[in-house]
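Data first, discussion second: the structure below is written as structure tokens.
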Amino acid sequence: MKSVYMINGFLESGKTEFITYTLAQPYFQVRGRTLLILCEEGENEYDENLLRMTRTDLELIEDEADFSTEKLIELEKKHKPERIIIEYNGMWNYKAMKLPWHWKIEQQITTIDASTFPMYFTNMKSLLAEQLRASELIIFNRCDGVEDLGSYKRNIKAINPKAEIVFEDANGEINEIMEEDLPYDLKASVIKLNNEGYGIWYLDSLEHLGRYEGKTVQFTAMVLKPKDFPKDYFVPGRMAMTCCADDMAFLGFACEYDKTEELSDQQWVKVTAQVSKEYFADYQGEGPVLHALSVERTKAPKEEIISFV
């Protein structure tokens, strides 16, 4: 069987840039030749030096009628590749496409220009849907200035719920947590945080504090009482492995509690608190400040350390 990597997308959606990047990676430079079948010529061209260095043979098929099993087998016999990459034309009928019986699609990826996505989604939804349905990975590039990436993700998930979706801007991948990806319900009267939820809530609060202002959260935490803190304030938090076993950090926010003096360092408590955005001296600016509604003694959780590894 011949391994085939199918790269979909409309013209100027970033297919060539993605394939160029992939060819240059050491993990893709395995023995044997690669056949790259180009189904349209975009603004960007492939660098001849890269093609030579990666033992890649490029063939152009400009007409949809020529993209036939006979033609593909002819190209396979000509180049004898170990693997095949197809940069497919987004305007061609994907449902009608036929590959030789012994060509197996190992991975299908769709690239999308985020700045033009609304236009294509509105006017060419059926063509776009055919590209998306079988894609394992969908890459939105050029996301700079796009505010509602969450709606883009919802539109894609409605077509292909299992797809992995990546957003990229000029600086690379956007590691933003969407509201729908949070492992807890923001609309709940009390947002209850387990181990996973606590870590995500901590990071998301640093980026999107507005989501939590006025909300009530509940979690199990260890008590930390910094000596320089104001009276009636402590830090309920968790030790976290942020990279490896040698890279540990205590993650927590300042919490106002009128019985702080009764607490002991490293004591385990269950905290129910309201989140606010306030100036706090240790933050050297505004940040998340908790106001305890209740602090109850509890036993240590089964997994005392949370992990981001």
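Some points to look at:
- Annotation: for a label point projected 7 angstrom from Cα along Cα→Cβ of I105, residues of region 43-87 with backbone N closer than 13 Å are 86-87.
- Summing Lys and Arg as +1 and Asp and Glu as -1 over all other residues whose Cβ lies under 15 Å from the Cβ of P288 gives a net charge of -3.
- Three-way shape label, region 1-58, alpha-carbon gyration tensor, a/c 1.5: prolate
- Across every direction, the projection of the convex hull enclosing the Cα atoms of region 23-85 has a mean area of 4.5 nm².
- Annotation: extensible slack from E173 through E278 equals 34.7 nm (criterion: 0.36 nm per residue apart, minus Cα-Cα distance).
- Multiplying each eigenvalue of the alpha-carbon gyration tensor of the chain by 5 and taking the square root yields semi-axes of 52, 20, 16 Å, largest first, rounded to whole angstroms.
- Accessible carbon and sulfur surface of the chain relative to its total accessible area, %, 1.4 Å: 47
- Charge tally for N195 (other residues, Cβ to Cβ under 13 Å; Lys, Arg +1; Asp, Glu -1): 0.
- Residues in region 195-277 average 48 Å² of solvent-accessible surface per residue, probe 1.4 Å, ligands and nucleic acids excluded.
- With protein chains left intact and a 1.4 Å probe, residues in region 1-147 average 53 Å² of accessible area per residue.
- Label sites at V166 and Y46, each approximated as a point 7 angstrom past Cα along Cα to Cβ, lie 2.0 nm apart.
- Computed log10 I(q)/I(0) for region 181-309 at 0.10, 0.15, 0.16, 0.20 Å⁻¹: -0.29, -0.67, -0.78, -1.26, from the Debye equation with unit scatterers placed on every C-alpha and solvent omitted.
- Whole-number Å³ per residue for the convex hull built on Cα positions in region 197-245: 133
- Estimated D of region 89-186 in µm² per second, where Rh is the Kirkwood radius over Cα pairs and Stokes-Einstein applies at 25 °C, 0.890 mPa s: 167
- Counted by Cβ distance under 10 Å from G32, the other residues give a net charge of +4, where Lys and Arg count +1 and Asp and Glu count -1.
- Partners of K2 within straight-line reach, counting lysines whose Cα lies under 19 Å from its Cα and excluding those fewer than 8 residues away in the same chain: K71, K77, K78, K80, K98, K104.
- Across region 18-114, the mean sequence separation of Cα contacts (distance under 8 Å, 6 or more residues apart), normalised by length, yields a relative contact order of 34 percent.
The values are calculated or read from the model by the stated rules, or taken from the named source; none is laboratory data. Since we're looking at a predicted model, the values are computed, not measured. Every residue, glycine among them, receives a Cβ derived from its backbone with ideal geometry; neighbour counts consider all protein chains shown. Heads up: the accessible areas ignore ligands, DNA and RNA and are worked out on the full protein's heavy atoms, side chains in. Shrake-Rupley method; radii C 1.70, N 1.55, O 1.52, S 1.80 Å.
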